[in-house]
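Below is one structure, written out as structure tokens; comments come after it.
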């Protein structure tokens, strides 16, 4: 801080914690989308293989950066089904859906092709593998309005400005003090704003929030909630899943998932559709479209306890 900008005294800002972020060794940017954008530019990526089941933010970013896109399928158990031949200069974008990929599986993928980009947006607590470009997003796990982490040894030479998020915080404070539905519109407005931002460093506000989180407790709470759901619902689940580290959500695949989702939302149990663009895409396989419609990502995060999980279980069991 320069002498000219130093301020002493006056009113207090938000209190600064003394803790540390979970991904301290990563490059901290303002979104997962821009982690990918940074990587495309730093690596000079011109061709990429994307899974059929992918959010449009990934494919849109690739198209905006002029990257040629090829598609590959995924299995009903959320594993990549790569083509036999992969072009020498092509990068393979692998999504660690719900943190289900093991370290061994990730290593095997990297041995198959040297150009793997691992998307751990749904596996925040899984540490990166050595020599694999890996990206994370913060908004799927914590109450922050921006934030993404990128592990890579590639660097851009141009300077990156720091993001400013103070005007995008209202929807989170609104949910804290009132309810979620009243501020849902503002939440989507923030998502749209994030989508249009250039590559920037993570905002100071997000750094402060992330430095104050008890990550060990968050990780344990998520895993415990996941286990409660898993024990009660695994006999209904078409996915043979494992309990991942610091679980994102519990992936429940049932034949009538679309109808169950609609009914649960009416009961204020908000089950997202991951991802709506896949359902509308006529080029994807029927298997992937069915996954998108019928897989229920059940919340199991740190806001909830076993009582909440049992309430969810009771409602789902009554609908299956």
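Taken over region 257-269, the criterion of being assigned to a loop (DSSP other than H, G, I, E, B) and surrounded by 13 or more Cβ atoms within 10 Å (Cβ to Cβ) is satisfied by 269 alone.
The set of residues from region 177-206 being touching a strand residue (DSSP E or B) at 6+ places or on another chain (Cβ under 9 Å), crowded, with 17+ Cβ neighbours inside 10 Å and assigned to a helix (DSSP H, G or I) comprises just one member, 206.
Residue under question is residue 240, and the condition is that it be part of a loop (DSSP other than H, G, I, E, B) and over 29 Å from residue 213 (Cβ atoms); does it hold? Yes: the conditions hold for residue 240. Checked against the criterion of being within 21 Å of residue 123 (Cβ to Cβ), surrounded by fewer than 16 Cβ atoms within 10 Å (Cβ to Cβ) and either without any contact (Cβ under 8 Å) to a residue 40 or more places away in the chain or out of contact with any helix residue (DSSP H, G or I) (no Cβ under 6 Å at 6 or more places or on another chain) (or both), the candidates 249, 234 yield just one match: 234. Listed by position, the strands (runs of 3 or more DSSP E) inside region 62-170 whose residues that are assigned by TED's automatic domain parsing to the domain that holds residue 47 and loosely packed, with under 13 Cβ neighbours inside 10 Å number at least 3 form an empty set. Answer yes or no as to whether residue 284 is buried (at least 20 other Cβ atoms within 10 Å of the Cβ), outside the structural domain of residue 161 (by TED's automatic domain parsing) and farther than 23 Å from residue 123 by Cα. Answer is yes for this residue.
Quick one: would you say residue 221 is in a helix (DSSP H, G or I), modelled with pLDDT of 95 or more and surrounded by 14 or more Cβ atoms within 10 Å (Cβ to Cβ)?
yes
Which residue is nearest to residue 28 (Cα to Cα), if the candidates are limited to region 186-199 and must be modelled with pLDDT under 90 and out of contact with any helix residue (DSSP H, G or I) (no Cβ under 7 Å at 6 or more places or on another chain)? In this case the residue turns out to be 194. Among the residues here, residue 245 does not qualify as part of a helix (DSSP H, G or I) and out of contact with any strand residue (DSSP E or B) (no Cβ under 7 Å at 6 or more places or on another chain). How many of the residues in region 22-61 are more than 19 Å from residue 194 (Cα to Cα), under 17 Å from the mean Cα position of the chain (by Cα) and assigned to a loop (DSSP other than H, G, I, E, B)? Of the residues in region 22-61, 5 are more than 19 Å from residue 194 (Cα to Cα), under 17 Å from the mean Cα position of the chain (by Cα) and assigned to a loop (DSSP other than H, G, I, E, B).
With respect to the conditions (1) more than 18 Å from the chain's Cα centre (by Cα); (2) modelled with pLDDT of 95 or more; (3) under 21 Å from residue 166 (Cβ atoms), residue 202 lacks only one, and its number is (1).
Could you tell me whether residue 274 is surrounded by 18 or more Cβ atoms within 10 Å (Cβ to Cβ), touching a helix residue (DSSP H, G or I) at 6+ places or on another chain (Cβ under 6 Å), not in a helix (DSSP H, G or I) and not assigned by TED's automatic domain parsing to the domain that holds residue 181? The answer is no for residue 274. With the condition kept exactly as written, say whether any residue in region 2-18 is in contact with a strand residue (DSSP E or B) (Cβ under 8 Å, 6 or more places away or on another chain) and in a loop (DSSP other than H, G, I, E, B). There is no residue in region 2-18 that is in contact with a strand residue (DSSP E or B) (Cβ under 8 Å, 6 or more places away or on another chain) and in a loop (DSSP other than H, G, I, E, B).
The values are calculated or read from the model by the stated rules, or taken from the named source; none is laboratory data. Keep in mind it's a predicted model, so treat the numbers as computed, not measured. Positions of Cβ are generated from backbone atoms using ideal geometry, with glycine treated the same way; all protein chains shown enter the neighbour counts.
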